[in-house]
Every structure is written in structure tokens, then in C-alpha cells.
Amino acid sequence: MSENDLENHKFGDFAMFLNGYAFKSDSYLNNGKYKILTIGNVQDGKIDYSNCNYLNELPKNIPNHCILDVGDILMSLTGYVGRIAIVDQSDCLLNQRVCKIKPLKQEYLSGIIALMRCTKVQQSMNKMSDGGTAQQNLSAIELSNTSFEFVNIKAFESFCNDNNNLISFYMNNLAIINNLVKIQRNIISSIAQQ
């Protein structure tokens, strides 16, 4: 790629960065219908569902984007900022200090994931979040408005078209794995009851 292929862009040219909801911790349950995904659940490349808090009912004023769908991209905004993961289970809710990255075009999905996971972008996010506080914090608004040098839009869209099938393949495999884990738990439970 030559220098002429690079252009200045803002992250907001490719995606919206939507903040999570401030749930009241006194309403948390140890088990329930909805899993609340926090910064602790968003690991690098995966979501750890083992230590979720739960709710049985949605708060009346929760924004729609905080009710997550399988395939949504999440990013941590506090602590180890910039960890990216894809939601692979249903009935999940977006907590504060985690943002949902919503591509402006659905076909940008693989490109957004690759962009947000690249070393240069990760370093830039860490630098932005280092505001002198004890814990790193990244602002979704600041991130959206941050400029960076990147390939031209045609090259980005070509990359996305070439790689979106990999995201579908990945999500299908996660669904199969989740189903096998459920079967395994049922078998173990059944054996334990005998």
C-alpha cells in the first residue's frame, strides 16, 4: 500500500459508540433472565459469562441499544480499555463503562473488529484514556471524534467484503460450542442425579 492510499478518518466515520446503562446494583440477582455485561465480562476477544449479575425485568428507561443482540460488538472503556468481544448469547444487557460499537453499515462489521483490535489503535486508545486517574477511562464520544490515518474507504470496504464471511463462520461456531456446553451440562446433571 502506498502513502497515497491513506486518508484521515474519524472512528465515527465507520461506527457509533453507544454507552451502557447505569443499573442499580441493589436490583442485581445471582440468577435471572437477563445477564448484565460489565467491563469484567468483556475480555480480549471473548465474553466471560461466568460472573454475571442478573435481572428478571428490564428497567423502564433502558435505551434499546443496551438490550444486546447476538453479534453485537462490545468494548471496555475502563481499566484495560479497548478490549473487544462479540456477544454470543441472548438476553444480555449493556452496563455502564462498556460501549456497544454499532457499524454505520452492517457490511463494515469485520473491518470494525479488525480496526479496533489492531495494535496502533489499541495504543492510541490507551494514550487517550491515560488522563492521570488511578484507573484508565476512555470516553465513547472522544473515541468517536478521534482522527487517525487509515486506508481509503474503497480499500476498507473491499477488506470487509472479503472478511465478513469469517465473522459469520466464527459466530456459527460459537453457537455450536454454546449448544454443546449446554448438552454437556445436561448430561452431567443427569448423571449426578442417578
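So, with a 1.4 angstrom probe, what is the percent of accessible area on the chain that is carbon and sulfur?
The value for the chain is 49 percent carbon and sulfur by accessible area.
Suppose a student asked you for the relative contact order of the chain, using Cα pairs under 8 Å spaced at least 6 residues apart; what percent would you report?
On the way: 320 pairs, mean separation 52.8, N = 194.
For the chain, the relative contact order is 27 percent.
From the phi of every residue in region 41-48, what ³J(HN,Hα) in whole Hz does the Karplus formula 6.51 cos²θ - 1.76 cosθ + 1.60 yield, where θ is phi - 60° and glycine or proline is x?
The phi angles translate into 7, 7, 9, 6, x, 7, 10, 9 Hz.
With every protein chain kept in the model, how would you rank Ser189, Ser129, Ser147 by accessible area, 1.4 Å probe, largest at the top?
Ser147, Ser189, Ser129
Tell me which trypsin sites (Lys or Arg not before Pro) from region 21-81 have a DSSP coil assignment and no more than 13 other beta carbons within 10 Å of their own.
Those that pass, being in a loop and sparsely packed, are Lys24, Lys33, Lys60.
Out of every Cα-Cα pair in region 85-130, what percent are more than 17 Å apart?
49 percent
With respect to the cross-link table entries Lys35/Lys182; Lys35/Lys100; Lys10/Lys100; Lys127/Lys154, which display a Cα-Cα separation exceeding 25 Å? Present the calculation step by step, with values, prior to reporting the outcome.
Working: Lys35/Lys182 17 Å; Lys35/Lys100 15 Å; Lys10/Lys100 17 Å; Lys127/Lys154 29 Å.
Flagged as over cut-off: Lys127/Lys154.
Only one of the listed values, (1) 49; (2) 45; (3) 58, was derived from the coordinates as percent of Cα pairs over 24 Å apart; which label is it?
Label of the calculated value: (2).
From the phi angles alone, apply the Karplus equation (6.51, -1.76, 1.60; θ = phi - 60°) to region 16-32 and give each ³J(HN,Hα) in whole Hz, x where the residue is Gly or Pro.
Using θ = phi - 60°, the values come out as 9, 10, 9, 5, x, 9, 8, 6, 7, 4, 6, 9, 5, 10, 6, 8, x Hz.
Could you compute how fast region 89-180 diffuses translationally, taking Rh as the Kirkwood radius over C-alpha pairs and applying Stokes-Einstein at 20 °C with viscosity 1.002 mPa s? Give it in µm² per second. Let's see the in-between values first.
Details: Rh = 15.5 Å.
Once the numbers are plugged in, D ends up at 138 µm²/s.
Report the calculated FRET efficiency for Asn137 and Ser158 (r = Cβ-Cβ distance, R0 = 41 Å), to the nearest 0.05. Walk me through the numbers on the way to the answer.
Values: r = 35 Å, r/R0 = 0.85.
Taking R0 as 41 Å, the efficiency between Asn137 and Ser158 is 0.70.
Using only alpha carbon pairs under 8 Å that are at least six residues apart, calculate the relative contact order of region 88-169 and give it in whole percent.
Relative contact order here is 39 percent.
Place a point 7 Å from the Cα of Lys120 along the Cα-to-Cβ direction; which residues of region 9-33 have their backbone N under 15 Å from it?
Answer for region 9-33: 9-11.
Quick one: dipole size for region 1-88, taken about the Cα centre, charges +1 on Lys/Arg Cβ and -1 on Asp/Glu Cβ, in debye to the nearest 20.
About 540 debye.
Calculate, in nm to one decimal, what Val70 and Gln184 gain on full extension: separation in residues at 0.36 nm each, minus their alpha carbon distance.
Difference between extended and current length: 38.9 nm.
What Kirkwood radius, in Å to one decimal, follows from the Cα pairs of region 136-194? Could the numbers behind the result be given before it?
Numbers: mean 1/r = 0.0626 Å⁻¹.
Value: 16.0 Å, from the Cα pair sum.
Just to be sure I understand the model, the point goes 7 Å from the Cα along the line to the Cβ. What's the resulting Glu149 to Lys127 distance in nm?
1.2 nm
Taking the Cα centre of the chain as the origin and placing charges on Cβ (Lys, Arg +1; Asp, Glu -1), which of Leu55, Ala192, Ile113 is farthest toward the positive end of the dipole?
Working it through, the farthest residue towards the positive pole turns out to be Ala192.
About its Cα centre, how strong a charge dipole does the chain have in debye, to the nearest 20, once Lys and Arg get +1 and Asp and Glu get -1 at the Cβ?
620 debye
The values are calculated or read from the model by the stated rules, or taken from the named source; none is laboratory data. Being a predicted model, the structure only gives us computed values, none of them experimental. For neighbour counting, all protein chains shown are included, and Cβ atoms are generated from backbone atoms with ideal geometry for every residue, glycine included. Just the protein is used for accessible areas: all its heavy atoms, side chains included, with ligands, DNA and RNA removed. Shrake-Rupley method; radii C 1.70, N 1.55, O 1.52, S 1.80 Å.
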